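What follows is a set of notes on a single structure, which appears directly below.
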Amino acid sequence: MLNVGSSFSKSVVAEDQTIRDIARLSGDINPIHLDDEYAKQTVFGRRIAHALFCQNIISMIIGNHLPGSGAILLSQNFRYRKPVYIDDTIETTVTVKDILDGDKYVLTTVCTNQKNEIVLDGESVIKWTV
């Protein structure tokens with residue numbers, strides 16, 4: 001059973017191979033994600049992870065942990081606050097904010113880096129069919 005305030009967190013490192021796998025699977029081969037020399041010339045100064053990196057962690061938490069099996073995603077919104085760099089450790093926390101109609105839940109989603117800076121925040125609405 002989920003209650004307002006129920007929460008789950010997971011830490012994941014933005015490893016080079018993970019970023020390359022996301023590029024391969026998504027088709028997003030922007031050199032800002034893959035090419036060190038190119039990335040040095042950008043405003044970021046080094047390679048950054050795809051937006052999908054944090055989104056995948058959120059999806060994994062919703063599908064496997066909070067609430068887990070039977071979760072159906074209805075909507076999501078995100079605000080990207082800071083870049084995620086290669087080798088950053090991202091702590092992702094999903095928390096139940098509100099319960100709608102008994103089987104729909106509003107979840108807050110927050111990703112922070114190893115400096116405790118918010119890199120992404122937003123909300124997801126899910127239906128839990130269990």
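Relative to the longest principal axis of the Cα atoms of the chain, the long axis of helix 51-64 makes an angle of roughly 30 degrees. In this model, which of Lys40/Lys82; Lys10/Lys127; Lys10/Lys40 are farther than 20 Å apart at the alpha-carbon? Check vs 20 Å cut-off fails for Lys10/Lys127; Lys10/Lys40.
With a cut-off of 13 Å between beta carbons, the residues surrounding Glu117 carry a summed charge of 0, where Lys and Arg count +1 and Asp and Glu -1.
Out of the trypsin sites (Lys or Arg not before Pro) in the range 26-88, which ones are loop residues according to DSSP with at most 14 other C-beta atoms within 10 Å? Answer by residue number: Arg46, Arg81. FRET efficiency for the Glu37 to Gln76 pair, using the beta carbon distance and R₀ = 35 Å, is estimated at 0.55.
Label the range 56-130 by shape, choosing from rounded, prolate and oblate, from the square roots a ≥ b ≥ c of the eigenvalues of the Cα gyration tensor; if a/c is under 1.5 it is rounded, and otherwise prolate applies when a/b is larger than b/c, oblate when it is not. List each step's numbers first, then the result.
Values: a/c = 2.73, a/b = 2.02, b/c = 1.35.
Prolate, because a/c is 1.5 or more and a/b exceeds b/c.
Compared with the dominant principal axis of the Cα atoms in the chain, helix 16-26 is inclined by about 70°.
Readers should treat all values here as calculations from the given coordinates under stated rules, not as data from a laboratory. Nothing here was measured: the structure is a model prediction, and the numbers come from that model. A quick note on method: Cβ atoms are made from the backbone with ideal geometry, for glycine too, and the neighbour counts reach across all protein chains shown.
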